[in-house]
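One structure is given below, encoded as structure tokens.
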Amino acid sequence: MKRNQYVVVGLGRFGSSISKELMKLGHEVLGIDLDEEVVNDMSAFLTHAVVADATDEDVLKSLGVRNFDCAVIAIGDDIQSSILTAIVLKELGVGQVVAKALSELHGKVLTKLGVDRVVYPERDMGIRVAHQLATPNLLDYIEISKDYTIVELSVPKRLCGFTIKELDPRAKFGCSVVAINKDSGIIIAPSANDVVNEKDVMVIIGTNAQIDEFESEVIG
């Protein structure tokens, strides 16, 4: 899996959850918050954590934020700061900007500003979002136990026409394709001869390590 650089603005419950999970996935995370105590608490978990005002363009420039792969705006209840931060990040040219919205209206404003993805915490848990950010082909992530996870992975164009037998995830990686979601319907417990096509979605069960290896080696 490619090692990316993320900046997370706002290290409350949502922001800290995403930050820690991205670190677990092997990525670099710069955390930004106005609360010195929060930053001190999070510094042990992140690549870097700084006390800073993310609405100040000069501050973000000095932190080199424009060179990061993705920025996550996880600011708590301050809608004005959230919007101003989004404006600054887009103007700096950050590759992808994801923002937490506190309401539908807030989300619409963020979308109008060019935010690439708007997240509603009541619908998207921090860990789930972290996995989706880190793995572009991953559409959904559900942890069913301490050891096992179910994920939905979109099939890339280069795998169009492959059979389950040719992919052989169980023998090669230990994980299993339990369903294929096609435009024509869902195939439950697909056979070895079932074919995957571009835009199909594979539902896979396995350990995090097994799925990470499959995603890295096969999906790419």
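The values are calculated or read from the model by the stated rules, or taken from the named source; none is laboratory data. Source: prediction; values computed, not measured. Virtual Cβ from ideal backbone geometry, glycine too; neighbours counted across all protein chains shown.
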Under 8 Å between Cβ atoms, which residue pairs at least 6 apart in sequence (or on different chains) link something in the range 94-116 that is among the polar types (S, T, N, Q) with a partner that is modelled with pLDDT of 90 or more and in a strand (DSSP E or B)?
Q96/C70; Q96/A71; Q96/R117; T111/V118
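So, in the range 1-15, of the ones that are surrounded by 15 or more Cβ atoms within 10 Å (Cβ to Cβ) and of a type outside the set (V, I, T), which residue ends up nearest to E213 (Cα to Cα)? Can you show your working first?
At the first step, the residues of the range 1-15 found to be surrounded by 15 or more Cβ atoms within 10 Å (Cβ to Cβ) are 4-12, 14-15.
Remaining after also requiring of a type outside the set (V, I, T): 4-6, 10-12, 14-15.
Working: N4: 17, Q5: 20, Y6: 22, G10: 31, L11: 30, G12: 31, F14: 27, G15: 27 Å.
Residue satisfying both the conditions and the ranking: N4.
Could you please find all residues in the range 159-185 being among the aliphatic types (A, V, I, L, M) and touching a strand residue (DSSP E or B) at 6+ places or on another chain (Cβ under 6 Å)? Explain how you work it out, then say what you get.
Of the range 159-185, the ones among the aliphatic types (A, V, I, L, M) are 159, 164, 167, 171, 177-180.
Residues satisfying the conditions are I164, V177, V178, A179, I180.
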Test result for I205, over 15 Å from V155 (Cα atoms), at pLDDT below 90 and buried (at least 17 other Cβ atoms within 10 Å of the Cβ)
yes
Just for the range 159-174: of the residues that are without any contact (Cβ under 8 Å) to a residue 40 or more places away in the chain and of a type in the set (K, R), which one is surrounded by the most Cβ atoms within 10 Å (Cβ to Cβ)?
R170
